[in-house]
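Below: one structure, written as C-alpha cells.
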Amino acid sequence: MPRSSFSGMISGPKVDVIIDLGNPLLNHTVDGFLKIGTVAATRAAAEDAYHVVKKGSISTHDAEHTLKKMCKEGAYWGTVAGVYVGAEYGLERVRGTRDWKNAMIGGAVTGALVSAATNKGRDKVVVDAITGGAIATAVEFINYLT
C-alpha cells in the first residue's frame, strides 16, 4: 500500500514586550500574564463578534458586555498563566535545572491555587492539582518532541 508523509513547520508571530521590574521572577510572571491575558481577551472579543454578526446588529449594551467579558477573561487567564510561569521559573532557579519536573510541579501548584481560590473543597483542590500537573507535563513533552 502506498504511503505518503507530510513534513513542515508552523510558526506564529513572535511578540516580545519587555517590562523590567528589576527581578527576573517578576519579569517572567508579568510577561506570562500579559501574553495569555491578551490571548484570552482576544478570544472573548472574537466570540462576541461572531454572535454580533450572527444577530446582525450591535447595541451599546452588547459593546459594554463584550468589554467586560474581555477584561474578566483576560484577567483570569492572565493570572493563571502568571502563577504558572512564576512557579515554573522559581522552581527552575531553586532546582538549578530546566526539565519536565518543573512544569509538572508548577502545573500542580497552579491547579491547586486556582482551585483553592474558588472554595470548591479539598478533594477538588487535589484533583485540580493533579490535572494541572498532568497538562503542564504533557505540554512539556509535546514541546520536546517538536
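The values are calculated or read from the model by the stated rules, or taken from the named source; none is laboratory data. Since we're looking at a predicted model, the values are computed, not measured. Note that each Cβ is placed from the backbone with ideal geometry, even for glycine, and that neighbours are counted across all protein chains shown.
Descriptive notes on the structure:
- Flag for T131 being touching a residue at least 12 places away in the same chain (Cβ under 8 Å), over 22 Å from D31 (Cα atoms), assigned to a helix (DSSP H, G or I) and polar (S, T, N, Q): yes
- Residue satisfying condition, being farther than 25 Å from K124 by Cα, in a helix (DSSP H, G or I), at pLDDT below 95 and within 13 Å of the chain's Cα centre (by Cα), within set T66, T29, T79: T29
- Condition broken by E88, with the remaining ones in (1) free of Cβ contacts under 8 Å to residues at least 40 places away in the same chain; (2) of a type in the set (D, E); (3) surrounded by 15 or more Cβ atoms within 10 Å (Cβ to Cβ) satisfied: (1)
- For the criterion of being in contact (Cβ under 8 Å) with a residue 12 or more places away in the chain and farther than 29 Å from P24 by Cβ, H65 passes.
- The set of residues in region 73-109 being touching a Ser or Thr at 6+ places or on another chain (Cβ under 7 Å) and of a type in the set (F, W, Y) consists of Y84, W100.
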